[in-house]
Amino acid sequence: MRANIVVDVGNSRIKWGLCGPDAVRETCSLPPDEPTAWRRQLELWSAARGPWIVAGVHPTRRDQFIEWLRREGQNVRLLEDPGDLPLRVLVARPDHVGVDRLLDAVAANSRRTSGIPAVVIDAGSAVTVDLIDGSGAFAGGAILPGMRLMAKALHDYTALLPLIPVPDRGPTVPGTDTPAAMELGVFWSVAGGIVALLREYRAFCRSQIEIFLTGGDGGRLHAIIPEAQLWPEMTLEGIRLSAEALS
């Protein structure tokens, strides 16, 4: 099935991708609960009728969005079952793995060098650091809090710490006031965790690995992991490729 528009419903944003013959060629990021913004974008892409292929990690928002599309007269297909993806999954319960992680693996397989393992870092509300083995199978991974979630937890579960913005790049060392110290801790908790996991994956694979970086905070982390291929549309491309594999 060839998708015309692919949609990734995340925890904090809904991302749309307008598909060309062999790639996602235009994207937008919209609020998860504002049909007015969705309708404006739909009008901008007025020539783009379905099929829409929708996937996501927030079931309630995903289903609300699908219902809205159907009320707008759109042809929609939900991509949810791991068995529908062109991917082997080497974990005990594939149905318990977030579909975004599997879609990222599908996309990685379209670019990784044959026989070389790959690691996909998806840095969003949560950060996932997943391993695709040399045969292209999803082998599992790690999940850790994203920067915004960590900053919010520091504010919500302490009496005096403020709610800080996520730093655009690695903060100056050392932090010379409380917000600066928090920014430093939040940034390097995520960045340092990823760097440590990459070291562990290299040791596990006993070989070189290729690294892909995506998600809302991917750009912030790229300077720390310059060898990674930064691919903002990675999950959307995984949806498009998976749709192509459907009968």
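Scoring G136 on the criteria (1) more than 28 Å from W52 (Cα to Cα); (2) part of a loop (DSSP other than H, G, I, E, B) leaves a single failure, condition (1). Of A37, A105, A92, all but one fail to be in a helix (DSSP H, G or I) and surrounded by fewer than 15 Cβ atoms within 10 Å (Cβ to Cβ); the exception is A37. Go through the residues of the range 19-29 one by one and say whether even a single one is outside any helix (DSSP H, G or I), among the aliphatic types (A, V, I, L, M) and modelled with pLDDT under 90. No, every residue in the range 19-29 fails to be outside any helix (DSSP H, G or I), among the aliphatic types (A, V, I, L, M) and modelled with pLDDT under 90. Within the range 114-150, restricting attention to residues that are surrounded by 24 or more Cβ atoms within 10 Å (Cβ to Cβ) and without any contact (Cβ under 8 Å) to a residue 40 or more places away in the chain, the residue that is nearest to I225 (Cα to Cα) is D130. Out of all the residues in the range 172-193, is one or more aromatic (F, W, Y) and not in a helix (DSSP H, G or I)? Checked the range 172-193: no residue is aromatic (F, W, Y) and not in a helix (DSSP H, G or I). When the residues of the range 225-245 are filtered to those that are of a type in the set (A, V, I, L, M) and modelled with pLDDT of 95 or more, the one that is surrounded by the fewest Cβ atoms within 10 Å (Cβ to Cβ) is L230.
The values are calculated or read from the model by the stated rules, or taken from the named source; none is laboratory data. Note that this is a predicted model, so its numbers are computed, not measured. So basically every Cβ, Gly included, is an ideal-geometry build from the backbone, and we count neighbours across all protein chains shown.
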